[in-house]
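Okay, so here's the structure we're looking at.
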């Protein structure tokens, strides 16, 4: 028995999109062809990989297990081909991201990318807001941008990021009668969701600190001066996540999207885009909260 690459690619596309039709668009196949690929995998493995519910599907336990391995197999396969077929690629790729995801995800992405394409130079630009990232992209200052809460149809959805309340491991800041809150500057979706959630449960709060950067917010939280809201995958050691058992409501999950410049993607840009999409989609955090909400930032 073996697991053909084309079947695994269709399987991962269905798992990521939740739809055979959308998966077909992602892998450039008909919906029928994708369905046949999945059926063949299920037949070969003797396991049901998806639970069908009308037009949508969700992974079974066996499907979750296969998904973790399939992503690694596809990544190794694609990188091996890239190293042999396009080792001569060179040039400059400019990628922008919020600082929190740049620190969490980009180091491993850039290390892997450099091994396969050592002659491609990558510039990383960090911006505090999605609006500024997209403006820089539209103006030609970036080739790629990883955005939070941008309109989903304007880019490629690469991750569903659960949000969480965080506090210091060494302080009981979250137990104060009037909750001190460290927030992104006005206009941020995370800030709006957090304050709406607190108002909904009638929890008194005050904006104790505000910052454009997550590192600034985490500094206040680590010192026990406030609590904050952040993506689960960005929470550092020394902070802990608060949940309903601590009196804090669930929060929505944000959609992270990858955007390309309007001028079209060069081969080196497209190669980095695939590395970014693979890394963000593979490193999934445990899901919390009621679902994906797309918003402007």
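Just so it is clear, none of the values below were taken in a lab; they were calculated from the coordinates. These numbers come from a predicted model, not from an experiment. FYI the Cβ positions are ideal-geometry reconstructions off the backbone, even for glycines, and counts take in every protein chain you see.
State the extension gain, in nm to one decimal, for the chain segment bounded by residue 32 and residue 223, taking 0.36 nm per residue of separation less the distance between their alpha-carbons. Mind showing how you got there, number by number?
Values: separation 191, 0.36 × 191 = 68.76 nm, distance 5.57 nm.
Working it through step by step, the gained length comes to 63.2 nm.
Helix 267-282: angle to the longest alpha-carbon principal axis of the chain, degrees 0 to 90, nearest 10?
Approximately 60 degrees, to the nearest 10.
Can you give the Rg/Rh ratio of segment 161-253, where Rg is from the C-alpha atoms and Rh is the Kirkwood radius?
Working: Rg = 11.6 Å, Rh = 12.8 Å.
Using Cα coordinates only, the ratio equals 0.90.
Just for the chain, what percent of DSSP beta bridges are antiparallel, to the closest 5?
Details: 23 of 42 bridges.
In the chain, approximately 55 percent of DSSP beta bridges are antiparallel ones.
Return the FRET efficiency for the residue pair residue 204, residue 266: r is the Cβ-Cβ distance, R0 is 35 Å, and the value is rounded to the nearest 0.05.
On the way: r = 53 Å, r/R0 = 1.51.
FRET efficiency, residue 204 to residue 266: 0.10.
Roughly how many nanometres apart are two label points built 7 Å out from the Cα toward the Cβ at residue 56 and residue 178?
4.2 nm
In degrees between 0 and 90, to the nearest 10, how far off the longest principal axis of the chain does helix 189-200 point, with axes built from Cα atoms?
Helix 189-200 and the main axis of the chain meet at about 50 degrees.
Taking the alpha-carbon centroid of each part, what is the distance from segment 1-63 to segment 178-226 in angstrom?
Answer, in whole Å: 41.
What is the fewest-to-most order of 158, 85, 217 by other Cβ atoms lying within 10 Å of their Cβ? Don't jump to the answer; show the numbers that get you there.
Numbers: 158 21, 85 9, 217 25.
Neighbour counts put them in this order, fewest first: 85, 158, 217.
Considering only 173, 60, 234, give the residue with the highest GNM mean-square fluctuation for the chain, with springs between Cα atoms whenever their separation is below 10 Å.
60
Once you have the alpha carbon radius of gyration of the chain, what is it after dividing by 2.2 N^0.38 Å, with N set to its residue count? Walk me through the numbers on the way to the answer.
Values: Rg = 20.7 Å, N = 297, 2.2 N^0.38 = 19.1 Å.
Normalised by 2.2 N^0.38 Å, the Cα Rg of the chain equals 1.08.
Can you compute the radius of gyration and Dmax for segment 1-63, using only the Cα atoms, both in Å?
Taking only Cα atoms of segment 1-63, I get Rg and Dmax of 10.5, 31 Å.
Of the residues 272, 214, 89, which exhibits the maximal mean-square fluctuation in a Gaussian network model of the chain defined by a 10 Å Cα contact cut-off?
Comparing 272, 214, 89 in the GNM, the peak value goes to 89.
Give me the number: length gained by fully extending residue 237 to residue 121, i.e. 0.36 nm times residue separation minus the C-alpha to C-alpha distance, one decimal in nm.
Numbers: separation 116, 0.36 × 116 = 41.76 nm, distance 3.16 nm.
Stretched fully, the residue 237-residue 121 segment lengthens by 38.6 nm.
Can you give me the distance in nm between label points at residue 135 and residue 5, each placed 7 Å from the Cα along the Cα-to-Cβ direction?
Taking the two extended label points, one gets 4.3 nm.
Residue 111 to residue 39: extension gain in nm, 0.36 nm per residue of separation minus the Cα-Cα distance? Don't skip to the answer; put the middle values down first.
Working: separation 72, 0.36 × 72 = 25.92 nm, distance 3.63 nm.
Result for the pair: 22.3 nm of gain on full extension.
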